[in-house]
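Visitor: Sharing a structure here in structure tokens format.
The values are calculated or read from the model by the stated rules, or taken from the named source; none is laboratory data. The structure presented is a predicted model; accordingly, all values stated were derived computationally and were not measured. For neighbour counting, all protein chains shown are included, and Cβ atoms are generated from backbone atoms with ideal geometry for every residue, glycine included. All accessible areas refer to the heavy atoms of the entire protein, side chains included, with ligands and DNA or RNA removed. Shrake-Rupley method; radii C 1.70, N 1.55, O 1.52, S 1.80 Å.
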Amino acid sequence: MKFLIIGAGSIGSFFGAKLALSGNQVLVYTDKKTSNYLLKHKLKLQDIGKTIHEVENFALASPLEKLLKVDESNLPNLCIISAKSYDLDSICIVYKPLLSKMKSLVLLQNGLGNEEVVYTHYPNMHIYRLITSNGAYLSSNGTVEHRGAGKTFLSPWYPNSTDEAHSIAKEMKNFVDALNSAGIPTTIATNSHAEIWKKAFINIGINAIGALTGLANGSIIQVNELTQYCEMAVQEAINVAKLLGVQLQNENYYLQDVYNVIHATSANKNSMLQDFIRRNPTEIEFLNGKIVILGKQLGVPTPINGLLTALIKGKEFSQK
């Protein structure tokens, strides 16, 4: 298969590298620094066992105006957006001449409400969410390090259309088969909204606390006070999700899942902390900040998420 990844940061480069190493062709649009590196060098993948692989079939895509001139049969089979959530709206606009030629789009991002952003631009597109708890870090020397193994789910989120049900099911199966063949164990989520919220609970509990303290995931739970605030932030998010009608399991299941991810990715510095290290904006508005907004709408108190959001915004401001 041929894939296009828009925003090949740490996790996008990890997925792209794995897909390329298994024989797929991967084209990327990414930031200037990574683009300049890929013009001269090949991406490298360091797996969990510390073995380094040079990645073939992973390269910069042609400039947009040139890519648009190729025959539609030679366009990528699937586009994966792995840019930061706050860039999603602008990506939908900038890449519209290309994306409008494609029937499907996969979001490999943190946050809540991302699908609605895409839907406003492409109401007839098949929209999928790729949810993963794998940890990755893209170093300055062009090596993407796999720092924690986790589960991956493909969740469909698209306009209801029984006429297209068969093609959607086939498309999902082909993509999941490609991910499994690439060594990324992936299943199709049967409860899409629950899986999206489950991933959000993890990010809500870990990311802001890790970013504010500078701690890798595993170190967070070594401080009792941080563990308590992690749990309280997740509990507020669970309260909001319940009132929104999301079909959830027992609350302890989600709290335990947060701890499972922390242990599995103990050496990883979460994406929000990576943003601060690189002096980039964060996705706080799509995570803890989104819980605060929804809480106000529903009349649900969210003081811990409110505090974490304010502190992250303050830290962002201090870096300007």
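Visitor: Roughly how many Å² is the accessible area per residue of the chain, as a whole number, for a 1.4 Å probe?
Guide: Value returned for the chain: 45 Å² of accessible area per residue.
Visitor: With point charges of +1 on the Cβ of Lys and Arg and -1 on the Cβ of Asp and Glu, referenced to the Cα centre of the chain, which listed residue (Asn252, Ser90, Thr30) lies farthest in the positive direction of the dipole?
Guide: Farthest along the dipole direction, towards plus: Thr30.
Visitor: Also, quick follow-up: Whenever you get a sec, line up His53, His126, His121, His41 from highest to lowest accessible area (probe 1.4 Å, protein heavy atoms).
Guide: Ranking His53, His126, His121, His41 by accessible area, largest first, yields His41, His53, His121, His126.
Visitor: Take every Cα pair under 8 Å in the chain that's 6+ residues apart, average their separations, divide by the length, and report that relative contact order as a whole percent.
Guide: Relative contact order comes out at 16 percent.
Visitor: Further question: Straight-line reach only, C-alpha to C-alpha below 18 angstrom: list the aspartates and glutamates that Lys101 could link to, leaving out same-chain residues fewer than 8 apart.
Guide: Glu65, Asp71, Glu72, Asp89, Glu164, Glu171
Visitor: May I ask you to rank Phe317, Phe15 by accessible area, largest first, using a 1.4 Å probe over the protein chains only?
Guide: The ordering from most to least exposed comes out as Phe317, Phe15.
Visitor: Another question about this same structure. Give a quick list of chymotrypsin sites (Phe, Trp or Tyr not before Pro) in segment 191-279 that DSSP marks as loop, anything other than H, G, I, E or B, with at most 14 other Cβ atoms within 10 Å.
Guide: Taking segment 191-279 and a limit of 14 other Cβ atoms within 10 Å, no loop chymotrypsin sites (Phe, Trp or Tyr not before Pro) are found.
Visitor: Express in whole angstrom the spacing between the alpha-carbon centres of segment 218-261 and segment 1-77.
Guide: About 34 Å separates the Cα centre of segment 218-261 from the one of segment 1-77.
Visitor: Tell me which aspartates and glutamates have Cα within less than 17 Å of Lys151's Cα, excluding those fewer than 8 residues away on the same chain?
Guide: Partners found: Asp47, Asp177, Glu195, Asp257.
Visitor: Moving on. Which residue, Asn288, Val240, Leu273, has the largest displacement toward the positive end of the dipole of segment 199-320 when charges sit on each Cβ (Lys, Arg +1; Asp, Glu -1)?
Guide: Result: Leu273, furthest along the dipole toward the positive end.
Visitor: Taking 23 Å as the cut-off for C-alpha to C-alpha distance, list the pairs among Lys50/Lys199; Lys96/Lys320; Lys32/Lys66; Lys50/Lys315 that go past it.
Guide: Lys50/Lys199; Lys96/Lys320; Lys50/Lys315
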